[in-house]
Amino acid sequence: MTAANARGLDPAADPASSAKRKIIIDCDPGIDDALAIFMALASDKLDVLGITTVAGNVNIDHVTRNALSLVSMTGKQIPVCRGATGPFLSTRKDGARVHGENGVGDVTLQVPAFEEDPRPATVFIREMADAHPGELDLVAIGPLTNIAAVLAMHSGLAKKIRRIIMMGGAAGFGNVTPAAEFNIYADPHAAAAVFQSGIPIDMYGLDVTNRALITKEEMADLRATGKAIPVLCCDMLGTYADFYESIGFSGLALHDPFAMACAIDESLAVFGEYFVAVETQGELTRGKTVVDTFGVSGKKPNTRVAIDLDREGFIAMMSDLLTSYE
Ligand code: BDR
Ligand code: CA
């Protein structure tokens, strides 16, 4: 699939596309976050500098421990830095209904093989942006509290971040309210600040991620490999499957893994270039990403919004990455 590129870059001609891209994963694992972490750590296209955690699907203690356990399972060791315990101004709402009480489908993960990094998430992001100006991508697959916080603390920082690859929002409907998607709803003020930051944003919202479905047959193929990581992924996806079945989906929507797949190869998506803002107040629409698809605001586009996807290509990439672990 050919991707229209909002910044006038042919992906093939993008100098960063041939080198390993430096990323930080800002996340709230989270069943689908877990798959995305495994994918990133298996990819030879990404240099994962570290993981920053944020309260979202479950509380900060659970998501941080989950991140440590997941990385440990890969046999790798990278910094895992604890982030925000909750949103800027709103009340915390979790996703335990979808992700289970421990965030990973109530599956027991292995005891972490290493300790969390003593640096807070915001310090780690700042240090990495300072160390790699213009080269760092933030893959944001949880609420945007950490990113908004670090941008608020350091005025020159936004210019050092190459782009934000975000799972969040939707041009269309929501999944946590009729209007809003979970990651944006969980901290709408943070999300609003991030969209206003001037950092180029690639938004993988529900418009595409609700179609990034894995079928039961494709899951059975993963399980049939008998390998520890794909089998764990299928175990975690159990709770998730119940949820998606209950709302009538024909498969499981792999939100964060699709964003990660596009961090690896953005040709899996097709984009429109739009101005996006976040509603922070509306009684019915709080947390909605308002996407100006008709250009009626007259405002310059600030976001590439993914509007279509190559589902089969995504599943093939994800399966290859997950089964690459022994
Ligand atoms: C997003 O919300 C979380 O529950 C998932 O991990 C994903 O990041 C989907 O709306
Ligand atoms: Ca997530």
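The values are calculated or read from the model by the stated rules, or taken from the named source; none is laboratory data. Source: prediction; values computed, not measured. When we count neighbours, we look across all protein chains shown, and the Cβ atoms used for this are built from the backbone with ideal geometry, even at glycine. All accessible areas refer to the heavy atoms of the entire protein, side chains included, with ligands and DNA or RNA removed. Shrake-Rupley method; radii C 1.70, N 1.55, O 1.52, S 1.80 Å.
Looking at this structure, is ALA186 under 16 Å from the mean Cα position of the chain (by Cα), within 16 Å of ligand 2 (Cβ to nearest atom) and more than 23 Å from ASP308 (Cα to Cα)? Here the answer is yes, as ALA186 does meet what is asked. Contact map, region 102-114: first residue on the phi < 0 side of the Ramachandran plot, second residue assigned to a loop (DSSP other than H, G, I, E, B) and of a type outside the set (Asp, Glu), Cβ cut-off under 6 Å, separation 6 or more or different chains; pairs are PHE114/GLN77. The residues in region 39-54 that are open to solvent by less than 10 Å² (accessible area, probe 1.4 Å) and in a strand (DSSP E or B) can be counted, and the count is 5.
Close Cβ contacts (under 6 Å, 6 or more residues apart or on different chains) running from residues in region 245-268 that are within 14 Å of ligand 2 (Cβ to nearest atom) to residues that are of a type in the set (S, T, N, Q) comprise ALA253/THR209; ALA253/ASN210; HIS255/THR209; PHE258/THR209. Scoring GLU127 on the criteria (1) in contact with a Leu (Cβ under 8 Å, 6 or more places away or on another chain); (2) without any contact (Cβ under 8 Å) to a residue 40 or more places away in the chain leaves a single failure, condition (1). Here ALA259 fulfils each of the conditions (1) under 27 Å from LEU89 (Cα atoms); (2) over 19 Å from the mean Cα position of the chain (by Cα) apart from (2). Please name all residue pairs, on different chains or six or more residues apart, with Cβ atoms under 7 Å, provided the first residue is in region 157-173 and is modelled with pLDDT of 95 or more and the second residue is crowded, with 24+ Cβ neighbours inside 10 Å and of a type in the set (Phe, Trp, Tyr). Short answer, once both residue conditions are applied: MET166/TYR204; MET167/TYR204.
Of all positions in region 32-42, at least one carries a residue that is within 16 Å of ligand 2 (Cβ to nearest atom) and among the aromatic types (Phe, Trp, Tyr). For region 246-260, which residues satisfy the criterion of being crowded, with 17+ Cβ neighbours inside 10 Å and within 14 Å of ligand 1 (Cβ to nearest atom)? Result: LEU252, ALA253, LEU254, HIS255, ASP256, PRO257, PHE258, ALA259, MET260.
Take region 178-213 and flag every residue that is of a type in the set (S, T, N, Q), within 12 Å of ligand 1 (Cβ to nearest atom) and closer than 16 Å to ILE147 by Cβ. Result: ASN183, single match.
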